[in-house]
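The values are calculated or read from the model by the stated rules, or taken from the named source; none is laboratory data. As the structure is a prediction and not an experimental result, all values here were calculated from the model. Here the Cβ is made from the backbone with ideal geometry for all residues, glycine too, and neighbour counts use every protein chain on show.
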Amino acid sequence: MPGKFELKKAKDSQFYFNLKSSNGQTILTSEMYKTKPSALNGIESVKKNAPDEKRYTKKVSASGKPYFVLKAGNNQVIGQSELYDTEKARDSGLESVKKNAVGAKTADLSEQA
């Protein structure tokens with residue numbers, strides 16, 4: 001079963017999405033978008049770029065926790081992972097994004113309170 005994107009609306013009326021794996025765990029969170037169409041374009045960009053290893057940058061937070069960022073072809077960040085305890089866990093999360101993004105459906109939760 002593939003993952004799914006959940007499109008949501010933040011308190012400041014901007015939009016964002018999470019990519020969830022088939023077990024329901026969030027594996028990628030988007031940047032904030034001013035409009036719903038922009039956020040939907042962001043989802044399409046994740047689907048397009050997720051399979052490409054070169055689109056990922058592996059990083060370490062100020063607190064020493066590994067994470068990764070997914071960038072579009074124009075080098076703009078389109079999503080970021082959670083902070084992981086180990087590099088192995090981060091790499092596993094990255095592989096999960098590559099596997100789950102392409103076939104993922106989108107659940108529009110932006111109209112919910």
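The residue that is farthest from Tyr16 (Cα to Cα), counting only those in region 55-91 that are assigned to a helix (DSSP H, G or I) and under 14 Å from the mean Cα position of the chain (by Cα), is Arg90. Where the second residue is surrounded by 18 or more Cβ atoms within 10 Å (Cβ to Cβ) and of a type in the set (Ser, Thr, Tyr) and the first is over 13 Å from Lys36 (Cα atoms) and lies in region 1-12, which pairs have Cβ atoms under 7 Å and are six or more apart or on separate chains? Cβ pairs passing all conditions: Gly3/Ser21.
Per the listing Leu40, Leu28, the residue uniquely surrounded by 14 or more Cβ atoms within 10 Å (Cβ to Cβ), within 20 Å of Lys4 (Cα to Cα), in contact (Cβ under 8 Å) with a residue 40 or more places away in the chain and within 10 Å of the chain's Cα centre (by Cα) is Leu28. Taking the criterion of being over 20 Å from Gly103 (Cα atoms) and of a type in the set (Gly, Ala, Ser), the residues of region 1-37 that qualify are Ala10, Ser13.
List, please: which pairs have Cβ atoms under 9 Å, are six or more places apart or on different chains, and start with a residue in region 74-97 that is free of Cβ contacts under 8 Å to residues at least 40 places away in the same chain and under 24 Å from Ser38 (Cα atoms) and end with one that is of a type in the set (Gly, Ala, Ser) and assigned to a loop (DSSP other than H, G, I, E, B)? Note: pairs meeting the criteria are Leu94/Ser81.
Within region 86-104, the set of residues being farther than 16 Å from Thr26 by Cβ and either at pLDDT 95 or above or crowded, with 17+ Cβ neighbours inside 10 Å (or both) comprises Thr86, Glu87, Lys88, Asp91. Kindly establish whether Ser81 is in contact with a Leu (Cβ under 8 Å, 6 or more places away or on another chain) and buried (at least 16 other Cβ atoms within 10 Å of the Cβ). In short, yes.
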